[in-house]
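Structure first, commentary second.
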């Protein structure tokens, strides 16, 4: 049996983001059930959106092999599509639940940034999302060369953003 570290890391990122949203949401008067229920809607929508985005941007391949569209175990998710789908679900869901969208989005954006910081480590495991060749001491050996670990740069940047926004929003509310 194979262990798919990418999926495990993404699941961890979602779980940590969820708990952060619940905690930060208290500062905005949002009860825990708000995030419990929202996650039931947004996780499948974001997954579908992430896959759809990937398929659309690789349409030449998937038009030749349409049966592979559903072969997610072969890879192929794009966070951009997941975010678009998540925002669409949030717009509809907050309207139905009569929750202020911008207040909710403030909380969820902080959770998303932390989730992205964690999720980028899945790129490390898969040895993807790397940069140009370099001779810097922190370079990663991938594809026969030492390269910039761009996943690491983004992960660190996202952590700075997360801590800054979390602190700011905790104080502001």
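Structural remarks
- Test: residue in the range 124-141 that is surrounded by fewer than 19 Cβ atoms within 10 Å (Cβ to Cβ), closer than 19 Å to residue 18 by Cα and either assigned by TED's automatic domain parsing to the domain that holds residue 15 or touching a helix residue (DSSP H, G or I) at 6+ places or on another chain (Cβ under 8 Å) (or both): no
- Filter result for residue 172 (modelled with pLDDT under 95 and over 25 Å from residue 5 (Cα atoms)): yes
- Residue within the range 147-165 that is surrounded by 14 or more Cβ atoms within 10 Å (Cβ to Cβ), in contact with a strand residue (DSSP E or B) (Cβ under 7 Å, 6 or more places away or on another chain) and within 22 Å of residue 13 (Cβ to Cβ) present: yes
- Of the criteria (1) assigned to a helix (DSSP H, G or I); (2) free of Cβ contacts under 8 Å to residues at least 40 places away in the same chain; (3) more than 12 Å from the chain's Cα centre (by Cα), which one residue 125 fails: (2)
- Single residue of 76, 67, 81, 32 found to be touching a residue at least 24 places away in the same chain (Cβ under 8 Å) and on the phi < 0 side of the Ramachandran plot: 81
- Residue count for the range 144-173, restricted to those that are in contact (Cβ under 8 Å) with a residue 12 or more places away in the chain and not in a helix (DSSP H, G or I): 6.
- Listed by position, the helices (runs of 4 or more DSSP H) inside the range 1-120 whose residues that are within 19 Å of the chain's Cα centre (by Cα), surrounded by 13 or more Cβ atoms within 10 Å (Cβ to Cβ) and at pLDDT 95 or above number at least 2 are 5-27, 32-56, 79-97.
- The lone exception for residue 10 - which of (1) under 23 Å from residue 172 (Cβ atoms); (2) assigned by TED's automatic domain parsing to the domain that holds residue 155 it fails: (1)
- Residue 3 vs. criteria assigned by TED's automatic domain parsing to the domain that holds residue 164 and free of Cβ contacts under 8 Å to residues at least 24 places away in the same chain: yes
The values are calculated or read from the model by the stated rules, or taken from the named source; none is laboratory data. In this text the structure is predicted, and so the values were computed from the model without any measurement. Neighbour counts run over all protein chains shown; Cβ positions are idealised from the backbone, glycine included.
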